[in-house]
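Some notes on the structure that comes next.
The values are calculated or read from the model by the stated rules, or taken from the named source; none is laboratory data. Note that the structure is a prediction, hence the values are computed from the model and not measured. Here Cβ is always computed from backbone atoms with ideal geometry, including for glycine, and neighbour counts include all displayed protein chains.
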Amino acid sequence: MEKLQLDLEGPDPRRGLSGMAKGLIGSEILRIASEIRTAITAGQKIANFTVGDFSSREFPIPDCLRDGTLRALAAGETNYPPSDGVLRLREAVREFWRERLQIEVPLESIVIAGGSRPVIYATYRALVEPGDTVVYPVPSWNNNHYCHLVGARGVPLETAPEHGFLPTAASLKPVLKTARLIALNTPLNPAGTVLSPEEVVRISEVVVDDSETEHDGVLAHLYALVATIDARHLQTRDHSENVAAYAVALGQELGLDRDRVMQLRRAAFLHDVGKVAVSQATLSKPGRLTDTQVDEIRLHPGVGSTMLLHAGLGEEALWVRHHHERLDGAGYPDGLEADDIPLEARIIFVADAFEAMTSDRPYRPGMDVPEALDELRRCAGTQFEPRIVDALERLVGAGDLTVLALRVPG
């Protein structure tokens with residue numbers, strides 16, 4: 001018998017199957033199912049629970065389901081999924097969760113599939129990049145294959161019968177540091193065991209604790225990067241810290257709650273982190289910038305926003321992206337107007353402008369505080385939010401804001 005040739009002849013490795021396809025291995029569950037069917041054929045008495053091979057003699061379908069299926073077939077219906085993903089069934093699931101579990105779930109987050117494998121594979125594809133680490137307990141079906149299909153590094157976690165062949169918080173903790181995805185299955189296929197509510201809580205706490213530790217490390221790197229950017233020039237050595245201080249005072253004056261003010265401080269301190277992508281020559285130029293250099297400077301809100309998104313700071317990333325938008329729509333990067341600009345971004349814009357106006361720069365000396373306030377007032381309603389400028393004037397007038405203007409000696 002001639003062997004099927006999977007690759008075309010020639011030196012080009014692209015003339016044939018992909019490396020992923022060449023590395024595929026057979027399904028363990030199908031191998032086990034084949035072995036069981038062979039044993040049953042040989043006369044052994046086995047209740048076959050593998051891959052849906054349930055004997056209709058042992059597991060007959062309910063009469064109402066059989067009759068309904070036959071009626072649907074006679075009416076010409078099909079099991080091809082509709083574009084709305086079986087809308088009525090999704091609505092029924094939402095109602096069940098609402099009434100029985102008191103959980104409100106958006107309809108668009110409910111997916112109905114004919115078998116879980118397409119949804120699980122889609123989840124892997126959506127969340128996992130090639131080279132990412134995926135932790136999964138064994139026994140469990142197909143996680144090693146999903147890892148292979150998306151190019152992930154699978155880390156199988158051995159389980160024990162005393163824990164129902166399920167992972168524990170203690171067993172997961174050592175492998176969480178590098179994990180992008182933890183694949184848990186409860187009830188477990190094939191054992192049928194279930195994680196206890198207490199263990200689910202313990203696992204969740206371990207995951208959150210690990211994420212917060214990593215998050216703190218990422219923030220520390222971002223803060224160090226901002227300090228490095230500011231330290232490039234004597235005139236900007238404390239710029240980000242000063243902007244953060246002004247933003248905090250403005251947020252408090254405008255009635256933001258404590259947690260929001262802390263988020264605002266973080267965003268204000270990191271507002272210029274995207275300047276890591278701007279050349280030293282452009283940042284330190286003493287004269288007028290060229291159009292090309294202006295375009296380069298205008299990249300920094302978007303770059304900074306992306307960096308914060310990767311650090312898990314979604315709201316702060318939005319504020320940083322829009323901290324150079326103007327009320328009249330003439331700002332950047334997106335040309336937002338008025339209330340489309342987040343309030344926190346508008347606060348950072350005023351704090352940033354006030355700090356820059358009152359501090360020396362390579363191309364001009366800093367303004368006196370009254371002069372800077374006059375300039376902000378002149379541009380209120382076009383560039384700046386009037387009520388934020390009002391708040392700044394109140395703080396300065398009452399002596400509640402220390403102006404931290406940066407001056408160059410001499």
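Pairs linking a residue in the stretch 231-250 that is in the same structural domain as H271 (by TED's automatic domain parsing) to a residue that is of a type in the set (K, R) and modelled with pLDDT under 85, with Cβ atoms under 6 Å and 6 or more positions apart or on different chains, are A231/R237; Q235/R361.
If we scan the stretch 288-308, do we find a residue that is part of a helix (DSSP H, G or I), touching a residue at least 60 places away in the same chain (Cβ under 8 Å) and of a type outside the set (V, I, T)? Yes - at least one qualifying residue is present in the stretch 288-308. Are any of the residues in the stretch 219-240 under 22 Å from L343 (Cβ atoms), of a type in the set (D, E, K, R), modelled with pLDDT of 70 or more and in contact with a helix residue (DSSP H, G or I) (Cβ under 8 Å, 6 or more places away or on another chain)? No: zero hits. In a residue-by-residue description of the stretch 172-195, the property of being on the phi > 0 side of the Ramachandran plot and modelled with pLDDT of 80 or more applies to no position.
Looking for something assigned to a helix (DSSP H, G or I), over 22 Å from the mean Cα position of the chain (by Cα) and either surrounded by 15 or more Cβ atoms within 10 Å (Cβ to Cβ) or of a type outside the set (S, T, Y) (or both) - is there at least one such residue anywhere in the stretch 362-370?
yes
Yes/no per residue for (1) over 29 Å from N142 (Cα atoms); (2) in the same structural domain as W141 (by TED's automatic domain parsing); (3) modelled with pLDDT of 80 or more; (4) surrounded by 12 or more Cβ atoms within 10 Å (Cβ to Cβ):
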position	(1), (2), (3), (4)
G23	no, no, yes, no
K45	no, no, yes, no
V51	no, no, no, yes
A74	yes, no, yes, no
V93	no, no, yes, yes
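A residue that is surrounded by fewer than 15 Cβ atoms within 10 Å (Cβ to Cβ), in contact (Cβ under 8 Å) with a residue 12 or more places away in the chain and among the small types (G, A, S) occurs somewhere in the stretch 126-142. Could you check, for the stretch 241-263, whether at least one of its residues is among the β-branched types (V, I, T), surrounded by 20 or more Cβ atoms within 10 Å (Cβ to Cβ) and under 15 Å from A356 (Cα atoms)? Within the stretch 241-263, one or more residues are among the β-branched types (V, I, T), surrounded by 20 or more Cβ atoms within 10 Å (Cβ to Cβ) and under 15 Å from A356 (Cα atoms).
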